[in-house]
Amino acid sequence: MKSPVRKKPFFSCMAALMLMMSGAALAVDAVDLSQSPEVSGVQENMRIPKEQDRMALNYVNQPPMIPHSIDGYQVTTNTNRCLACHGVEHYRNTGAPRISPTHFMDSDGKVLSGVAPRRYFCLQCHVPQADAAPIVDNTFEPSKGFGK
């Protein structure tokens, strides 16, 4: 004869699973992803004003600094908010500088159709600019002809 005790944990687990699934479905329905800038993309002729002029570069091949706030920007393996304005598909509409052609080359110099993985995470090299005093003293001098 089968024990009724074994059925109780099975039904309890199934009930808990169904509760979790229905809660997840309600959560997904309650979120309007079309309002998210990371998902919605760029609207036609949308221009985001710079908050300050670009600072001068201090040496050859220095990555340009970011002249606007990046609060709330997502740069993950699934989305890159920077490309919504600076990508080749959008820069004409947004007025943002286009991503450099060097960002489409892999480590072997092969040109790719999309942004190279090693260049995808913009904030590894590009940082928001700030006119702030150095935290530690330094004697850095810009290269000749730079920093003006």
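The C-beta contact set for segment 68-91 (first residue within 18 Å of Thr102 (Cα to Cα), second residue surrounded by fewer than 19 Cβ atoms within 10 Å (Cβ to Cβ) and among the aromatic types (Phe, Trp, Tyr), distance under 9 angstrom, 6+ apart or interchain) comprises Asn80/Tyr73; Asn80/Tyr120; Asn80/Phe121; Cys82/Tyr73; Leu83/Tyr120; Cys85/Tyr91; Val88/Phe104.
Residue count for segment 66-95 under the criterion of being within 30 Å of Gly145 (Cβ to Cβ), out of contact with any Gly (no Cβ under 9 Å at 6 or more places or on another chain), surrounded by 16 or more Cβ atoms within 10 Å (Cβ to Cβ) and not β-branched (Val, Ile, Thr): the result is 3. Among the residues of segment 103-137, those that are more than 14 Å from the chain's Cα centre (by Cα) and under 24 Å from Asp53 (Cβ atoms) comprise His103, Gln129, Ala130, Asp131, Ala132, Ala133, Pro134, Ile135. Comparison of Thr77, Thr102 shows that the only residue that is assigned to a helix (DSSP H, G or I) and in the same structural domain as Gln52 (by TED's automatic domain parsing) is Thr102. Taken as a whole, the condition of being touching a Leu at 6+ places or on another chain (Cβ under 6 Å) and farther than 22 Å from Ala56 by Cβ applies to Phe104.
The values are calculated or read from the model by the stated rules, or taken from the named source; none is laboratory data. Everything numeric here is computed off the predicted structure, so don't read it as measured data. Heads up, the Cβs are rebuilt from the backbone with ideal geometry, glycines too, and the neighbour counts pull from every protein chain shown.
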